[in-house]
Amino acid sequence: MGKSDEGKTVSYWEASEDLLEKGSLNQSIETDFCIIGAGISGLTTAYLLTKAGKRVVVIDDGAIGGGTTSRTTAHLSNALDDRIYRVEKWHGAEKAKLAVDAHTRAIGEIERIIETEKIDCDFLRVDGFLIEAAGGEDDLNEELEAAHRAGFAEVELVERAPVKDFDTGKCLRFPRQGQFHILKYLSGLAKAIEQNGGKLFSNTRAIEWKGEDAPEVKTASGQTIRAKAIVLATNYPIMSKMFAKLPAYRTYVIGARIPKNSIEKCLIWDTADPYRYVRTQPENDYDILIVGGEDHRTGQEDDGDERFQRLWQWAQKRFPMAEKVLYKWSGQFFETHDGLAFIGRFSGSEPNVYLITGDSGMGMTHGTIGGMLVSDLILGRANPFTEVFEPSRLATQSITEAVPEIISSTAPYVDWITGGGVSSAEEIKPGEGAIISHGTTKIATYRDENGKLYQRSAVCVHLGCIVRFNSLEKTWDCPCHGSRYGLDGHPINAPAYKPLAEIEDSSN
């Protein structure tokens, strides 16, 4: 089922292609540009800067490509995740048109890089179909009209998607979307970056940065990287205060075996909330049907296996040729309140620091837009999308749409005045975790399969929310702002970038 030895979920990409392990940084260095994060955002930026002859250093706290990018479903689309008509309402017709154009160009840029660098990554242009779901709130006719206003004249209403056993009903066809094998693509990018003189370091965690007149990054092992500018290309930018703008979500995916070429190659999304998204990926003797969805706010649900089962039931009903689930995994993404990523200069007071964040479910194209836009800003080139993705832009979403997210981020603080999940460690079975309360002290406690206890403070080091156990991934997740920690307390996902505090007495 795509499980690792530790019981954590493993994505199709991780299981079918080795992640890139580079050496970790072991000495302080100087460079032109330091990029923190080696996913699609960071590597695209590095590639474009090294092609321009710049010295670039990329660091990542794990393997190259091993973060959020490795847990995508690798859809390449200019059919905006929050719908074109909503982005038009929030930003105006001209910016909605620019947003569609930005994603269109991102797909084209990926295709150009693949051709230029001769990257074998299963890239394919396919049609995408937006189908109606029972209870969905989107109006296909409204989206069709908005797409045409945005200059996407080829979008059309069709009777059904061309899938033999799945009668989708009327749906919108978005031509010339795309798909690829993300880790094969990143592997090709990494090779090109190094050929251009760039340096990649894995297992090198940034714990501090400063911009101003002398930008530098400090690592957990004590090294310093001095640069002319810094690019924050992690899923959530470390040492930033953007958590109110970036609610964190978990999303779930299954990969099922299907007979070779039994499903028309296309992308499918529905109008449910949360929505489902579908594509296929070729193997030698069969294909993989990839189905995602069942999103929820990070740390606020702990029923991953049930969500996998619902995805499988949904898929079986519509794709009866599906034989069995081979892979299942979950990932994390950050939404924005107005449907567009935050890409550009970090702030006016930090002109030498740039960021790429807020994938909003479109990480492959938003990440590529980020690489294109940030490299243009650094190189002093005009870019038509600068204002559209400006990080300091004012929120344009209506208060009725933004308030529920704010409430969802603050409600979990009630955990401070409630009891723990169990009264003592003796109640925790092997392979399980729970919060223990000792007065006002909250202890995150896990017992491994051999009976060994792991205990850390349950207080998130970001803003003091109480973490909750994620039984699927075996992590401690913050239900307020999406920070995630390993069983030993080490940070996995920001906003937190320091570990959970140790417990002095772990004898319980």
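Observations on the model:
- Within the same chain, lysines fewer than 8 places from residue 89 are excluded, and of the rest, those with a Cα less than 25 Å from its Cα are 97, 170, 245.
- The phi-based Karplus calculation (6.51 cos²θ - 1.76 cosθ + 1.60; θ = phi - 60°) puts the 3J(HN,Hα) values of segment 440-455 at 8, 8, 10, 10, 7, 10, 10, 10, 7, 5, 9, x, 6, 8, 10, 10 Hz, whole numbers, x for Gly and Pro.
- With neighbour counts taken as other beta-carbon atoms within 10 Å, the residues 485, 85 rank, fewest first, as 85, 485.
- Multiplying the residue separation of residue 195 and residue 471 by 0.36 nm and removing their Cα-Cα distance gives an extension gain of 95.2 nm.
- Cα convex hull, segment 1-128: 178 Å³ per residue, rounded to a whole number.
- Straight Cα distances below 24 angstrom link residue 184 to the lysines 3, 8, 22, 51, 118, 199, 260, 265, 328, with same-chain residues fewer than 8 positions distant left out.
- Alpha-carbon centroid distance for the pair segment 33-51 / segment 79-152, whole angstrom: 24 Å
- FRET efficiency for the pair residue 176 and residue 149, taken as 1/(1 + (r/R0)^6) with r the Cβ-Cβ distance and R0 = 22 Å, rounds to 0.70.
- In this label model, residue 221 and residue 303 are separated by 4.3 nm, measuring between points 7 Å along each Cα→Cβ vector.
- FRET efficiency, residue 321 to residue 118 (Cβ-Cβ, R0 35 Å, nearest 0.05): 0.55
- Classification of the chain by its C-alpha gyration tensor yields a rounded form. The axis ratio a/c (a ≥ b ≥ c) stays under 1.5.
- For 392, 28, order by how many other beta-carbon atoms lie within 10 Å, fewest first: 392, 28
- Relative contact order %, segment 413-493, counting alpha carbon pairs below 8 Å whose residues are six or more apart: 20 percent
- Whole-Å distance, taken between Cα centres, linking segment 157-196 and segment 436-483: 38 Å
- Gap separating the Cα centres of segment 259-304 and segment 333-353, nearest whole Å: 29 Å
- Electrostatic dipole magnitude of the chain [Cβ: Lys, Arg +1; Asp, Glu -1; Cα centre; debye, to 20]: 880 debye
- Only lysines eight or more places from residue 442 in sequence, or on another chain, were considered; those with a Cα closer than 22 Å are 429, 452, 474, 498.
- Mean separation of Cα pairs under 8 Å and 6 or more residues apart, divided by the residue count, gives the chain a relative contact order of 18 percent.
- Model label zone, residue 347; criterion: amide N under 18 Å from point 7 Å along Cα-to-beta-carbon; scope segment 469-508: 495-497
Taken together, the values in this text are just the output of simple stated rules run on the coordinates, not laboratory data. Everything numeric in this text was worked out from a predicted model, so none of it was measured. In this analysis, Cβ positions are derived from the backbone assuming ideal geometry, glycine residues included, and neighbour counts consider all displayed protein chains.
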